[in-house]
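*Asks:* Submitted below is the structure of interest, expressed as structure tokens.
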Amino acid sequence: MTTSEAADDTIAGLYAEHALGLARLALIMLGDREAAEDVVQEAFLGLHRRFGGLRDRSKALTYLRSAVLNNARSVLRRRRLPSWFAGTYEPPVWSAESAALLGAERREVMEALHRLPRRQREALVLRYYGDLSEEETAQVMGISRGTVKSTTSRALDALGRLLGDAR
Amino acid sequence: MNDIINRLRDATQAVGETIDHVPGLTPGLASGLALGESGEPGGSRTRRSWLVPVAAAASVTVAVAGGVAVARGGDGGLGQAAATGVGPAAVPTFFADAGEDGITVRSVNGGAETSRVPEPSDKERFVSIQAAQDNRLFYAVSASDDCRPRLYRFVLDEAGKIGSFDALPFAPPEGTRPTSLAVSGDGSKLAYGTAPCGREPGTGSLVVADTTTGDSRTWTAKDGTGATNLSMTADGRLVLFTRDVASVAAVAEPALVVEPSATLTAEVPVKEEEATSSSSPAVSITVTVTPGIRSDEKDDPGPAVVNAVPTAAVTAIPAEPVVTSDPTATAPATILPSPIPTAAASLVPAEESLSWCRFAVESVPATPADAPSAGKTAEPSEPAELKATVQVCPDSPEVGLLDTGAPGDSLDKATTFSLLNESDGASGGVLGAKISPDGTRIVAALGGVDVALADGKLPPSSGPTGLAAFSTDDGRPLGVFHRQVGTSGLRLLDIDGTGENMLVTRDGEIGAVDGSGYRTLVDTGDALVNFGSRIAW
């Protein structure tokens, strides 16, 4: 087996194991399933391009999570361009218009989550949806562990205020 | 706190579980994230080149001219019924500009004039115009010689006819001169910048007024600089503006004389009037040649282009500010930085902020051999053809974003962004910046504009230009969504109520940019026309 084939196998294995989880993470950040799937594909393509420097599977997963967040940020930014350029996208799965009915209470949480600053939102999702440790979250976000701790704390306060306001 | 965490976990997991499988890995997936390009193939347009012959011993008058040249007249319908409700945001079917002949409304299909309102009087002129989101309700603001500006409102019917045209019962403060106007989506709020009127010292300010009650709120800057190039979000909460920093705009008045084989120095009076009514703090020049071939004959080949033999050098030095009310002097073109190899004349600005603006004039003797054109044979004594290159100064990249819902009355509280003059390959300076109706982005044209007044011996426009979006959160570039290569740069004039259609000017044309690219709306025939904020849709 050549190095390249080994890389393909490893990546295929990572995809089988983690693509669904990563797509869910992207969906929570974007609200749009199609965009979430694209973001995950893009992350795996990125991994493929730079696999030479990333042989450790645990690091590969950190890279993938990080890439998903980065790519999701790009998608969110692009949605601010005129729609004829950015393309159209479905309303978030948690919105009232969406077919995926989640209920008013969950919708309220998701809407509040998306009103938080980007970094706070990412920290909360990685910590409490992804169940990552502070250290893992720090690696994925490329920030220090202390910053994760303070950001998460501020984010919870802010989320609490937003949900309190909404009541 | 645990309750919040539990609710967060529950909601995110429920969202995540709406996906239960993913498609297989597709290695060939083209990057769906990469910003694509829209625009036109390079070189699809040829640069307009003008021949500007000059008669014997003629002086070249550098004056300011512009606006869409139209005859006065029309169906103003002053004093008719007031405006009523404003419809939802609509794709524009009309655009209106305020020029020397009042307000002209045109159809976006073919650019045909549909209606006209003359200027209120010969002492009062419209300085800015804006449309509400429905493209039917318009507002205009005027400046007058007696420093008593007024606000006007008019409504278009489905045929583009002005159904009612009224002065509002309230007006900007006396002693001010409005610089630029912006309107909220439903037309209930207006924002305008003001500058001191006349020679009196004063401060510039930004005013937001309720069109129903006339109640207003004013923001002033500590250093007295005002705001120009205003735009407003649909909800009327955010106002984007350019700081009116350099309160100088040099306009070469009929004093710049170019004679063959002569070196001279001309004074360029600074025309205060133009300093803020143009959208840019830059030097403003339009070249009109008299006597000689009129501008409407500029496409006539006339005497042939003569080889470039620089025989005249002109240095124009801005002098003390001179206030002039010459109504024919409007529409400045701004001038700018980039080396012009053939420059035999240059405008030397008095202000440091203008040091990057350039204006080049070259006067060349016309010889009979070089002028074979029938009926227009140049006599040996007939001196020169003027070659001039004017480059349009970019706006200041510094834009202010004012949250009108926040307390305070200081314009300094506005968030300031310095827009990168390079984004995603497009570069050259900011040529108009406007906020999108939803307030999420700032759209700016990036590029350079240069205009050849002679035979087009110009360095080609450098690099691609286009329309870029910037975040209103932090001014960060979001990408270039419209690109052009091989054309003169665009200037962004206005964004419609839907946020999807951009009114621009390029190469003397007024055009539109939307999802299908650029299209011409009307050719003004004047590559130097600068509408500032006197055009809207």
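The values are calculated or read from the model by the stated rules, or taken from the named source; none is laboratory data. Since the model is a prediction, treat every value here as computed from it, not as a measurement. Cβ atoms come from the backbone with ideal geometry, glycine included; neighbour counts cover every protein chain shown.
*Asks:* Here are the criteria: (1) surrounded by 20 or more Cβ atoms within 10 Å (Cβ to Cβ); (2) of a type in the set (G, A, S); (3) under 30 Å from A:L163 (Cβ atoms). Tell me which single one A:A100 does not satisfy.
*Replies:* (1)
*Asks:* On to the next question. Hey, can you tell me all the residues within region B:193-215 that are loosely packed, with under 12 Cβ neighbours inside 10 Å and free of Cβ contacts under 8 Å to residues at least 40 places away in the same chain?
*Replies:* Hits for region B:193-215 are B:E200, B:P201, B:T212, B:T213, B:D215.
*Asks:* Within region A:46-81, how many residues turn out to be among the hydroxyl-bearing types (S, T, Y) and either within 11 Å of chain B (Cβ to nearest Cβ) or within 22 Å of A:P117 (Cβ to Cβ) (or both)?
*Replies:* Residues meeting the conditions: 2.
*Asks:* Between B:D474, B:D455, B:D514, which is at pLDDT below 85 and surrounded by fewer than 24 Cβ atoms within 10 Å (Cβ to Cβ)?
*Replies:* When all the criteria are applied, what remains is B:D455.
*Asks:* Determine which member of the set B:G425, B:G432, B:G400 is at pLDDT 55 or above, within 26 Å of the chain's Cα centre (by Cα) and buried (at least 24 other Cβ atoms within 10 Å of the Cβ).
*Replies:* Unique residue meeting the criteria: B:G432.
*Asks:* Please count how many residues of region B:165-192 are basic (K, R) and buried (at least 24 other Cβ atoms within 10 Å of the Cβ).
*Replies:* Residues meeting the conditions: 1.
*Asks:* Of the conditions (1) touching a Phe, Trp or Tyr at 6+ places or on another chain (Cβ under 6 Å); (2) of a type in the set (V, I, T); (3) crowded, with 24+ Cβ neighbours inside 10 Å, B:I162 satisfies every one except a single condition; which number is it?
*Replies:* It is condition (3) that B:I162 fails.
*Asks:* I've got another one for you. When you scan region A:30-45, how many residues do you find that are more than 10 Å from every other protein chain (Cβ to nearest Cβ) and either part of a helix (DSSP H, G or I) or hydrophobic (A, V, I, L, M, F, W, C) (or both)?
*Replies:* Qualifying residue count, region A:30-45: 2.
*Asks:* Can you confirm whether region A:46-62 contains a residue that is assigned by TED's automatic domain parsing to the domain that holds A:A12 and within 14 Å of the chain's Cα centre (by Cα)?
*Replies:* Yes, that holds for at least one residue.
*Asks:* Then there's this: Condition check: crowded, with 18+ Cβ neighbours inside 10 Å and touching a helix residue (DSSP H, G or I) at 6+ places or on another chain (Cβ under 8 Å). Does B:A98 satisfy that?
*Replies:* No.
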